[in-house]
Amino acid sequence: MLIEKSKFKIPLLNQKALALKIIIFSSLLIGLIFAFLLDLALGSVDIPINEVVKILLGQEIEKATWANIVLKFRLPKALTATLAGAALGVSGLQMQTLFKNPLAGPFVLGISSGASLGVALVVLTASATTPTLLTDLGYLGDFGLVIAASLGAASVLGIMLVVSRRVQDTMTLLILGLLFGYATSAIVSILLQFSSKERIQSYIMWTFGSFAGVTWRQLVVLTPVILLSLFLAVLQSKSLNALLLGESYARSLGLTVQKTRFSIITSASILAGAITAFCGPIAFLGVAIPHLCRSLFNTSDHRILIPSVTIMGAILALIADLFSQLWVSQMVLPLNAVTALIGTPVVTWVILRRNSQKSFPS
């Protein structure tokens, strides 16, 4: 059945599907707002949500200490979680499309390990000469961490891209990604042998993953880097859709494949590298979130997936942050342990599903 609207004919089914997607997208936005407020409200000191809203609006509240807790500690942590979830989700989506591999992600393909190596080279080398080098450098030191982590991530991603041209088998590519991850971890282990005990302890704590260690000063660096990279990913939507149908089809549309690959690698590496630099190597979110959104919206159109992955990633990162605080009284669980519990069922579902579906979803 077709509905006449001026001179255009719009299929009724498409209208229903579009309306459903709008409803789902709106629900995700509401869920993001609720998860954000909940992350500000709950913790070692529970604060009513209405009081949290008053604090954000600059209104008078019952207890002045609540404002200090929210504005100085919880707000930067919640903003970091929002940025991290969005960045890792979009980065994972880009890599899954680039490699045509539903199990690709910053952690699985060794990208996070490469970013960790970049951070280790900067932090551990700096500590060997000037212990407070990065602190004294201020914003320059923060940008140094982002650049080092992004270069480390880009190096591994570039190697994987070269290997993917020669290796067609998905499982072989994943195994090679894990091997590259082990190799970078081995280099980090060697660096740790020549570091001080204090620096080793700091690095180990960093590998657990946390959104709480990012300060307002670091957010000034992290926020524009992530937003610009996300904007670049949005601009790549049509190119990513073309790559899904193969390089030959993409070239027939006038797409320069090499430039597109470089653009995708740059964006994905900065997204994964910047978050890894400040929050540690956060596992599983980059693999799990794109699949959740594909199933939720029943599409692989990146014009829909990129915004939905951005929001879904932020929601899951905020939920993971909440669970890391609330499971054990007066303790904070390692963030990677919580994200693994969230991501493992999704990754397991993907592997089992691929037994019956050999092709990449389109």
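The values are calculated or read from the model by the stated rules, or taken from the named source; none is laboratory data. Remember, it's a predicted structure, so these values are computed and weren't measured experimentally. No Cβ is skipped: glycine too gets one built from the backbone with ideal geometry, and neighbour counts run over all protein chains shown. We work out accessible area using only protein heavy atoms, side chains counted, and drop any ligands, DNA or RNA first. Shrake-Rupley method; radii C 1.70, N 1.55, O 1.52, S 1.80 Å.
Listed by first and then second residue, the pairs with beta-carbon distance under 8 Å, at least 6 apart or on different chains, first residue in the range 345-357 and among the aliphatic types (A, V, I, L, M), second at pLDDT 65 or above and assigned to a helix (DSSP H, G or I), are 346/287; 346/288; 346/291; 346/292; 347/287; 347/288; 350/287; 350/291. Only one entry in 88, 20, 29 is outside any loop (DSSP other than H, G, I, E, B), modelled with pLDDT of 90 or more, open to solvent by 70 Å² or more (accessible area, probe 1.4 Å) and closer than 21 Å to residue 300 by Cα, namely 29.
Looking only at the range 258-279, residues that are open to solvent by less than 10 Å² (accessible area, probe 1.4 Å) and over 30 Å from residue 208 (Cα atoms) come to 0 in all. Applying the condition of being open to solvent by 30 Å² or more (accessible area, probe 1.4 Å) and at pLDDT below 80 to the range 328-347 and asking which residue is nearest to the chain's Cα centre (by Cα) yields 342. Between 202, 248, the distinction of being open to solvent by 30 Å² or more (accessible area, probe 1.4 Å), within 27 Å of residue 305 (Cβ to Cβ), out of contact with any helix residue (DSSP H, G or I) (no Cβ under 6 Å at 6 or more places or on another chain) and not β-branched (Val, Ile, Thr) belongs to 248 only.
Residues that are more than 20 Å from residue 77 (Cβ to Cβ) and touching a residue at least 12 places away in the same chain (Cβ under 8 Å) within the range 19-62 comprise 21, 24, 25, 28, 29, listed in sequence order. Looking across 47, 55, 61, one residue alone is open to solvent by less than 20 Å² (accessible area, probe 1.4 Å) and outside any helix (DSSP H, G or I). It is 47. Listed conditions (1) surrounded by 20 or more Cβ atoms within 10 Å (Cβ to Cβ); (2) part of a helix (DSSP H, G or I) are all met by residue 282, apart from (2).
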